[in-house]
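Reviewing the structure listed below.
The values are calculated or read from the model by the stated rules, or taken from the named source; none is laboratory data. These numbers come from a predicted model, not from an experiment. Cβ coordinates were reconstructed from backbone atoms using ideal geometry, including for glycine residues, and neighbour counts include every protein chain displayed.
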Amino acid sequence: MSDIPAAVRHARRGVRLAEIDPRSTPGFTGDKAAGEALLAERAEHLAELQERLHASASAGDGRSVLLLLQGMDTAGKGGLVRHVVGAVDPQGVRITSFKRPTPAERRHDFLWRIERALPQPGQIGVFDRSHYEDVLIHRVRGLSKPEVIEQRYGRIVDFERQLADQGVHLVKVMPHISYGEQGARLLERLDRPDKHWKYNPGDVDERTMWAEYQQAYTIAIDRTARVAAPWHVVPADRKWFARLAVQELLIEALEAIDPQWPVADYDVDAERERLVALGGIPEEALAASPALAAPVVAKGAKRAKAKDAKSKSKAAPKSKSTAKSTSKTESKAKAAPKSKAKPKGKGKR
């Protein structure tokens with residue numbers, strides 16, 4: 001366990017990004033090796049919690065988790081999805097990457113495409129960027145009027161409150177990267193042919209407005225941080241720490257939900273007895289079953305063994321001596337003369 005979630009959480013106004021060191025590891029005192037070891041160790045626990053959440057939906061549990069990742073270019077959002085969310089069963093995950101709105105999306109309210117991508121009950125939803133684009137880029141680029149952006153902050157707060165009321169546990173994360181680290185990662189994308197596909201010339205244009213974006217993020221977090229939907233500013237210059245922090249945040253959210261395995265709607269003992277009675281189950285599987293000590297199972301296992309033994313007996317080939325004896329007996333039976341029956345009524349007088 002670690003104290004990372006509490007150390008990166010901001011539930012009230014007053015956050016100052018400039019005061020948060022992107023290379024720090026708040027709530028964790030170990031080094032990279034210890035962090036990576038803990039990430040691997042906790043992955044199994046995260047996977048079990050996610051499976052329980054997915055299974056609980058089949059019994060009518062309507063709760064879900066939404067991981068919202070909103071950060072600067074090269075902040076490591078893709079790596080967080082791959083290394084953290086990638087450790088769970090993909091059947092229970094829904095990932096949505098929000099790019100520039102399409103013409104069809106522009107014809108609707110800015111929350112329209114967000115609502116259509118919300119996780120279903122039992123799912124972990126992941127937003128790579130989100131509705132916050134409409135108060136970040138729009139503020140920096142002047143794509144919307146200031147009064148419209150101010151209204152959107154309030155609408156976002158109301159929207160996220162509604163999500164909480166609907167059973168969606170929202171985990172808002174800003175991977176916080178430094179100006180220098182972003183430059184190094186962009187350079188790496190240009191130096192490595194296998195990363196050219198990740199590079200976008202527009203990334204450098206956005207980089208020229210770094211200070212404006214930092215201010216826009218500070219304002220957005222300040223205006224929308226609430227107890228029911230807090231922000232988590234995760235230092236992201238050290239990729240291993242950012243991954244560990246997001247994993248801990250997901251585990252915390254799932255443990256708060258505490259999803260339970262659905263109770264069987266059939267008679268488990270009766271079904272086990274039917275299965276065992278059919279036979280064909282390897283001895284090691286029978287021996288490993290913790291329920292074999294139960295009378296109903298023992299009885300079924302006994303019948304199954306008897307059935308298997310009977311089947312083997314029927315299928316077994318006859319030995320040569322048995323075959324010869326049978327053959328001689330059949331021959332004698334054929335050669336023996338039939339005795340004549342005495343006529344009725346012709347006895348001595």
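Just one of the numbered conditions (1) over 27 Å from the mean Cα position of the chain (by Cα); (2) at pLDDT below 95; (3) assigned to a loop (DSSP other than H, G, I, E, B) is not true of Lys99: (1). Among the criteria (1) within 30 Å of Glu212 (Cα to Cα); (2) not in a helix (DSSP H, G or I), the one Leu80 does not fulfil is (2). Condition (residue is among the β-branched types (Val, Ile, Thr) and closer than 27 Å to Ser178 by Cα) applied to the range 255-269: is it met by at least one residue? No: zero hits.
Listed here are the residues, each with its yes/no results for (1) at pLDDT 95 or above; (2) surrounded by fewer than 20 Cβ atoms within 10 Å (Cβ to Cβ); (3) assigned to a helix (DSSP H, G or I).
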| site | (1), (2), (3) |
| --- | --- |
| Glu147 | yes, yes, yes |
| Gln151 | yes, yes, yes |
| Asp158 | yes, yes, yes |
| Pro175 | yes, no, no |
| Arg189 | yes, yes, yes |
| Glu212 | yes, yes, yes |
| Ala220 | yes, no, yes |
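Selection over the range 191-210 of residues that are crowded, with 16+ Cβ neighbours inside 10 Å and not in a helix (DSSP H, G or I) gives a count of 1.
Do we have any residue at all in the range 223-239 that's under 25 Å from the mean Cα position of the chain (by Cα) and assigned to a helix (DSSP H, G or I)? Steps first, please.
If we filter the range 223-239 for residues that are under 25 Å from the mean Cα position of the chain (by Cα), which is where we start, we get 228-236, 238-239.
Among the residues that remain, those that are also assigned to a helix (DSSP H, G or I) are: 239.
Within the range 223-239, one or more residues are under 25 Å from the mean Cα position of the chain (by Cα) and assigned to a helix (DSSP H, G or I).
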